[in-house]
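> My questions all concern the structure below.
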Amino acid sequence: MRDRPPQPAGLAVRALTPEQIHAVLADVFGRAARCRLLDTGVAGLPGAPGHPQWLLAELGDTRVTGACPRGHWYRSDALLPTGADAPPPPLDPDTDRWRILEVLVFCPGAQIRLGERAEAGWISADAPGDVPDWLRPRDRSFLLQGWNGPEYSRTVDARASLSVTTEPGGFEAVLPVEWTDFSGRRRPAPGGRTALESRGTWLTVREYWASDPATGAVGVAFHRLTGLSCGPKPTGPEIDVGSGDDIPGAAH
């Protein structure tokens with residue numbers, strides 16, 4: 001009987017040192033500058049320079065999101081109200097680690113995850129080498145919530161790629177991406193089917209699969225955030241309008 005889950009295929013993960021964890025927090029929350037560790041990578045795991053970076057941080061007293069399209073971070077805590085309704089202060093990398101539940105800093109090629117209190121951290125990316133087709137990582141995209149219409153969801157600064165979205169129940173979020181309302185149109189698909197071609201605002205994820213050597217069971221064993229985008233659905237499959245089934249061959 002195995003006491004550890006099987007290793008995800010095609011994935012490389014490296015633990016970060018305390019110095020590297022501090023550098024990530026100092027870049028993102030202290031200097032509000034590009035996360036250098038995502039650009040450089042670590043020993044045995046190459047970096048991904050030149051790509052946009054994003055932030056999703058869960059703190060004990062607030063959530064912080066952000067986008068770094070080039071060299072500077074635009075974070076949600078800079079958009080929130082001041083005065084009596086002001087949120088908690090920005091995270092201080094040297095004194096506020098007790099507030100951290102989880103911090104994710106990611107780009108298309110790599111992801112950094114810091115755990116509670118930033119006591120541990122990891123960087124993950126694709127591993128070199130071939131992967132069997134049936135275990136090949138799969139890219140997926142998920143529609144981000146937000147009620148259609150400018151009175152509910154809108155981009156507040158296109159330079160910063162930050163949007164404010166609101167649900168009918170009043171729940172509000174700041175998303176680090178330009179906003180596009182969800183819409184769909186029908187178009188012909190292979191086999192005489194009709195596909196729903198979707199537009200909206202998307203979170204993209206890469207899924208890594210693993211096979212249990214004892215049972216042969218295959219399942220998703222790890223996922224890595226790869227980006228946020230707006231416009232056409234960036235990955236397949238599309239949906240059959242009549243049945244609701246996936247149409248794998250109709251991917252963009």
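The values are calculated or read from the model by the stated rules, or taken from the named source; none is laboratory data. No experiment lies behind these values; they were computed from the predicted model shown. Accessible surface areas use protein heavy atoms only, side chains included; no ligands, DNA or RNA. Shrake-Rupley method; radii C 1.70, N 1.55, O 1.52, S 1.80 Å.
> Please arrange 211, 76 by accessible surface area, largest first, computed with a 1.4 Å probe and ligands excluded.
Sorted descending by solvent-accessible area, the residues read 211, 76.
> How would 207, 172 rank on accessible area, largest to smallest, probe 1.4 Å?
Output order, biggest surface exposure first: 172, 207.
> Taking H as built 1.01 Å from N, whose amide H comes closer than 5 Å to the amide H of residue 226, not counting residues under 5 places away?
Here the answer is 204, 205, 206, since their amide H atoms fall under 5 Å of that of residue 226.
> Quick check on the chain: what are the equivalent-ellipsoid semi-axes from the Cα gyration tensor, as sqrt(5λ), descending, whole Å?
31, 28, 15
> Please report, as a whole percent, how much of the solvent-accessible surface of region 121-252 comes from carbon and sulfur atoms (probe radius 1.4 Å).
Answer for region 121-252 is 53 percent, counting heavy atoms of protein chains only.
> Further question on the same structure: Per the Cauchy relation, a quarter of the hull surface: what is the mean projected area of the convex hull of the alpha carbons in region 102-252, in nm²?
Orientation-averaged projected area of the Cα hull: 12.9 nm².
> Computed over the Cα atoms, what is the radius of gyration of region 59-183 divided by 2.2 N^0.38 Å, N being its residue count?
1.26
> At 1.4 Å probe size, with every protein chain present, just tell me what the per residue accessible area of the chain comes to in Å².
53
> Given springs between every Cα pair under 10 Å in a Gaussian network model of the chain, which of 215, 180, 95 has the largest fluctuation?
Of 215, 180, 95, the most mobile in the Gaussian network model is 215.
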